[in-house]
Amino acid sequence: MTAEIISGKEIAAKKRLELAKEVEKLKAQGITPGLAVILVGDNHASKTYVRNKQKACHELGMYSLLVELPEEVSEEELLKKIDELNNDPVIHGILVQLPLPKHIDEKKVIDTISPTKDVDGFHPVNIGKMMTGENGFLPCTPFGIIVMLEDTGISVAGKHAVVVGRSNIVGKPVGQLLLNRHATVTYCHSKTENLKHYTQTADILVVAVGIANFIKADHIKEGAVVIDVGMNRNEAGKLCGDVDFEEVSKKAGYITPVPNGVGPMTITMLMYNTVKAAAESIN
Ligand code: GUN
């Protein structure tokens with residue numbers, strides 16, 4: 001079997017067209033969705049991510065505000081800036097790019113963002129709402145994975161979904177979203193004994209471990225849906241995922257590539273959350 005490739009790039013492009021129409025409708029009502037991105041210091045990767053987020057805003061006709069703060073900014077000053085943005089009516093979404101310098105408490109920062117503007121879906125209120133299935137903001141990468149599965153027509157209910165990785169940003173929430181859609185979910189992680197025992201029974205396998213080409217063909221069941229969240233560089237410096245695409249794509253039913261798989265969906269769902277925040281600010 002040769003897997004069907006799930007193109008995140010194509011699905012993201014389609015969703016962005018739909019979003020651009022939503023932005024137009026909101027603008028006709030006098031509201032331009034606005035996203036504030038706070039960047040502390042000059043981490044090279046963070047700068048690239050932030051630039052891509054701003055570009056996506058502009059392409060959709062949204063307002064984008066970049067707040068750049070020096071590496072030495074105090075926690076107090078950063079919290080004050082967030083509070084200002086919480087109270088700024090032209091800003092509907094606030095995102096503080098992570099990681100932050102060591103002298104700043106990340107948790108305190110996330111807790112300070114108003115849950116109604118928390119478009120990253122990292123605030124405990126939104127995490128709680130995700131657990132109970134209430135309306136809130138879903139974290140962008142897990143949300144993007146669900147949208148990719150839906151758009152491809154892959155049903156989740158009753159399936160065995162195995163998540164490898166348990167980060168707060170990807171592993172834990174993607175398992176919860178799959179559970180909310182009635183999958184039977186197994187979490188695996190770095191301490192799991194006999195990983196293959198679990199991954200070989202997965203109908204849907206989500207991998208977010210950050211190790212290049214970690215999942216091989218003998219980890220998976222014939223015909224499985226394989227979602228690769230990895231973003232690594234191999235020995236040759238080439239971008240690659242956590243899944244060995246070359247061999248796994250010969251056995252899987254569906255597979256996401258790296259690049260152009262999950263990546264483009266993440267920013268798209270950030271835009272979706274910002275448009276949703278703007279729309280909800282009217283009511
Ligand atoms: N750093 C890496 N990924 C993310 C993300 O999704 N959100 C934020 N705020 N920072 C990040």
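Throughout, read-outs are computed from the coordinates displayed, never taken from laboratory work. Quick caveat, the model's predicted, so the values are computed rather than measured. Please note: Cβ atoms are built from the backbone with ideal geometry, for glycine as well, and neighbour counts cover all protein chains shown.
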Query raised in the report: How large is ³J(HN,Hα), in whole Hz, for each residue of segment 44-51 in order, when computed from phi with the Karplus curve 6.51 cos²θ - 1.76 cosθ + 1.60 and θ = phi - 60°, using x for Gly and Pro?
Result: 4, 5, 4, 4, 5, 4, 5, 4
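Using per-residue counts of other Cβ atoms within 10 Å, averaged over each peptide, order 60-66, 236-242 from highest down.
On the way: 60-66: 18.3, 236-242: 16.1.
Final packing ranking: 60-66, 236-242.
Based on a Kirkwood Rh over C-alpha pairs, give the Stokes-Einstein translational diffusion coefficient of segment 195-283 at 37 °C and viscosity 0.692 mPa s in µm²/s. Each step should come with its number before you reach the end.
On the way: Rh = 14.2 Å.
Value of D from the Cα-based Kirkwood radius: 231 µm²/s.
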**Report entry** Values of log10 I(q)/I(0), in the order q = 0.19 Å⁻¹, for segment 139-263 under a Debye, Cα-only, solvent-free model
**Finding:** -1.00
Query raised in the report: Quick one: if the Förster radius is 41 Å, what FRET efficiency do Ala13 and Gln200 give, using the C-beta to C-beta distance and rounding to 0.05?
Result: 0.75
Query - Amide proton proximity set for Glu4, modelled H, under 5 Å, gap of 5+ - result: Tyr254, Ile255
Query raised in the report: Want the number for Lys250 to Met1: 0.36 nm per residue separation, take away the alpha-carbon distance, what's left?
Result: 89.1 nm
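What does the helix-only formula give at 222 nm for the chain: each DSSP H stretch with n ≥ 4 adding -39500 (n - 2.57), the total divided by the residues, and the result rounded to the nearest 500 deg cm²/dmol?
-13000 deg cm²/dmol
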Query raised in the report: Can you tell which of Leu98, Leu85, Leu39 shows the greatest fluctuation in a Gaussian network model of the chain with Cα springs below 10 Å?
Result: Leu98
Report summary line: Taking only the alpha carbons of the chain, the radius of gyration and the largest Cα-Cα distance, Dmax, both in angstrom, are 19.1, 57
Requested in this report: Please give the helix 75-86 orientation as an angle from the longest Cα principal axis of the chain, in degrees from 0 to 90, rounded to the nearest 10.
Outcome: 80
Query raised in the report: How far apart, in nm, are two points set 7 Å out from the Cα along the Cα-to-Cβ line at Glu72 and at Lys191?
Result: 4.1
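Asn86 to Lys47: extension gain in nm, 0.36 nm per residue of separation minus the Cα-Cα distance? Walk me through the numbers before you get to the answer.
Values: separation 39, 0.36 × 39 = 14.04 nm, distance 2.28 nm.
Between Asn86 and Lys47, full extension yields an extra 11.8 nm.
For Thr32 and His58 in one chain, what is 0.36 nm times their gap in residues minus the Cα-Cα distance, to one decimal in nm?
Values: separation 26, 0.36 × 26 = 9.36 nm, distance 1.13 nm.
Stretched fully, the Thr32-His58 segment lengthens by 8.2 nm.
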Query raised in the report: What span do the alpha-carbon atoms of segment 2-151 cover on each of the three principal axes, reported in whole Å from largest to smallest?
Result: 50, 42, 35
Query - Sparse-neighbourhood loop sites, GluC sites (Glu not before Pro) in segment 187-283 - DSSP loop, at most 12 other Cβ within 10 angstrom - result: Glu193, Glu222, Glu235
Query raised in the report: Between segment 85-106 and segment 191-257, what's the alpha-carbon centroid distance in Å?
Result: 33
Query raised in the report: Using +1 on the beta carbon of Lys and Arg, -1 on that of Asp and Glu, and nothing else charged, what's the dipole of the chain about the Cα centre, debye to 20?
Result: 560
